[in-house]
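Chemist: This structure is in structure tokens; I'll ask about it shortly.
The values are calculated or read from the model by the stated rules, or taken from the named source; none is laboratory data. Just so you know, these numbers come straight off a predicted model, no measurement behind them. Don't worry about glycine lacking a Cβ; one is built from the backbone with ideal geometry, like all the others, and counts go over all protein chains shown.
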């Protein structure tokens with residue numbers, strides 16, 4: 001028992017020394033009040049070792065399948081969705097020459113000129 005906290009060690013020894021029927025824990029839930037539940041030996045052991053991960057004792061038949069799909073397990077990873085600046089695309093979309101070519105672009109340039117903007121477009 002090297003991984004059990006020293007503060008839990010005395011209570012763990014008393015629980016392990018009693019018969020199983022006497023060592024069943026009583027749980028207090030905040031919404032239901034006090035309730036006694038029948039606990040299995042596995043749940044009693046899981047409360048004693050909080051830092052040990054719960055792994056199945058026998059390997060799953062799907063374990064080999066999950067290993068073959070390992071590289072595809074990273075989900076919702078967006079690649080290339082970030083801003084990647086390009087002068088050429090920016091000037092083509094929002095540049096002065098593209099604004100002059102369209103009717104609405106010329107209206108936008110006129111509004112910015114009347115407002116006194118120093119830069120009319122990119």
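Chemist: Looking only at region 80-118, which residues are more than 44 Å from the chain's Cα centre (by Cα) and in a loop (DSSP other than H, G, I, E, B)?
Modeler: Result: 102, 116, 117, 118.
Chemist: Among the residues in region 56-73, are any more than 27 Å from the chain's Cα centre (by Cα), modelled with pLDDT of 70 or more and loosely packed, with under 10 Cβ neighbours inside 10 Å?
Modeler: No, region 56-73 has no match at all.
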